[in-house]
Amino acid sequence: MNGAESLVRTLIKGGVEVCFANPGTSEMHFVGALDRVEGMRCVLGLFEGVCSGAADGYYRMTDRPASTLLHLGPGLANAAANLHNAKKAGSGIVNIVGEHALHHIQYDTPLTADIEGIARPFSHWVKTSPTSKTVADDGALAIQAARVAPGQIATLILPADTAWGDAIGVADTPDTPPPQGPQKEAVVAAAKALMQGKSAMLFLGGRALRARGLELAGKIAAKTGCRIQAAGGTARIERGAGRVATLRLHFVIETAQEQLKGTTQMVLVGAKPPAAFFAYPGKPSLLTPDGCTTTMLCPVEGDPIAALDALAAELGALNEKPAGVVQAGRPERPTGKFTLDGLGQALGATLPEGAIVVDESVTTGRGFFPFSAGAPPHDWLNNMGGSIGFGTPCAVGAAVACPNRKVIAMIGDGSAMYTIQSLWTMAREGLDICVMIFSNRSYNILYSQLASVGVDNPGPRAIDMLTLGRPTIDFATMAKSLGVPSVQVHDLAELTTQLTNAMSQRGPYLIDVVM
């Protein structure tokens, strides 16, 4: 058994059963080991950012790390943007990055790079495995690191001679320390704060936004009268009919301030204090209202469900009927010209039970939540890190993780071009994903950002940097060339018909929403 095979066997034994791969020469021994060892599903991505984004989506839906297989420093660099998003989302990933044989690095050949240096900003744990004798143990430590709550990025660098040399055997993954449980003092302080009623707020992030966390938050709200607010960045919200509803904090500062207005006590559960996405002239960075007291019940790396359970018990709320539970109901099927509300209605009218919505719709989809609140139970995944090109790769990972659930990816046309190669992976793997691309032919979000930073009258050069014309991108034709059936729609009736069609069949499908 060589080092690569001992690593593959260690990954499988440690529960890492999927590898999103874009290999090169230095990874060929790992690829060969995948042929000899049963138990690892390999999914090829034509760009490394597809692999890292897919691993993010996989973890969000399973709470188990997948691996990536990346080619040397440039391959890791190509994966970095979606590793940034995964890190912000608290997604556990085991990156396997090939490296030259250790004796070869001194010759500074074209692909030689400081791989550890590239990895560190996007990883919690980084190690170059020095010998084939230790690579299994190193792989086990990488798995352990990836499992640390809420999920971490572990990058194991595999030199070619480490991969091809003789190995000793397979390693067992050490137990991962559990997240810190609720502290009595924090629970008592949070209970006291929330007794202020409507001027108090539970501010939720991370796994507090799963169905059980929201149920407990609803019980606490029923007991105290407090408000429930989701953070702006949310890795996964379990929502729909029968679940406690909450809105995400809005991207626009003024709208976010309105959502938080009147809050004098804020209890943080799995979330950081609310802050603006960017700095703007004359606008605040921290969004908590003046005079608001913040109480940390559970940090991001803690156990938010246990914390909410302890808080509900402290308040005597465990037997309360949760406040804010949404009744089943759908909007009417919309017709007419495209409007933002109409787009949200079309989604809400057609969303199937168990759907997974991956949202990188940027400006278009900000107001969609109310229209799908009463749809059948579903999950909603958002971009946590802000790096563009998250949506379709994340949808790939979610579909691999949950093959019996429909995945709907909502993407802006500018964002779609960053990782359009993911359509090929959807077709190759037969993944059950409906992709909606909102083709407004511009980087629409940046028009509002110009005004926000004080550029009130942009000239032709500035405007030209924000438009996507000359030439117009034909996503439907591009999708077909990558193996994904597709259609263009030009009004709400066509969109609703095509969404209904997509939800009734399996496999990838793309709808180009020409706005």
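Results, tabulated for the structure shown:
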| item | result |
| --- | --- |
| Any hit, the range 369-392, residues being outside any loop (DSSP other than H, G, I, E, B) and surrounded by fewer than 21 Cβ atoms within 10 Å (Cβ to Cβ) | yes |
| Scope the range 117-139; condition surrounded by fewer than 20 Cβ atoms within 10 Å (Cβ to Cβ), closer than 23 Å to Arg9 by Cβ and not charged (D, E, K, R); matching residues | Trp125, Thr128, Pro130, Thr131, Thr134 |
| Residue that is farthest from Ala101 (Cα to Cα), among those in the range 1-49 that are part of a helix (DSSP H, G or I) and charged (D, E, K, R) | Lys13 |
| When residues of the range 317-357 are limited to those that are of a type in the set (Gly, Ala, Ser) and in contact with a Pro (Cβ under 9 Å, 6 or more places away or on another chain), the one nearest to Gly374 (Cα to Cα) | Ala328 |
| Whichever residue in the range 198-257 is among the β-branched types (Val, Ile, Thr) and outside any helix (DSSP H, G or I) and, among such residues, is surrounded by the fewest Cβ atoms within 10 Å (Cβ to Cβ) | Val252 |
| Residue satisfying all of: in the range 216-274; modelled with pLDDT under 95 and among the hydroxyl-bearing types (Ser, Thr, Tyr); nearest to the chain's Cα centre (by Cα) among these | Thr234 |
| The listed residue being under 23 Å from Val269 (Cα atoms) and hydroxyl-bearing (Ser, Thr, Tyr), out of Thr350, Thr288, Thr339 | Thr288 |
| Members of the range 355-391 that are within 23 Å of Val244 (Cβ to Cβ) and acidic (Asp, Glu) | Asp359, Asp379 |
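So that you can scan it fast, the table gives a plain yes or no per residue for (1) farther than 13 Å from Val396 by Cβ; (2) in a helix (DSSP H, G or I):
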residue	(1), (2)
Tyr58	no, yes
Ala81	yes, yes
Ile96	yes, no
Thr109	yes, no
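The values are calculated or read from the model by the stated rules, or taken from the named source; none is laboratory data. Small disclaimer: the values here were computed from a predicted structure and weren't measured. Please note: Cβ atoms are built from the backbone with ideal geometry, for glycine as well, and neighbour counts cover all protein chains shown.
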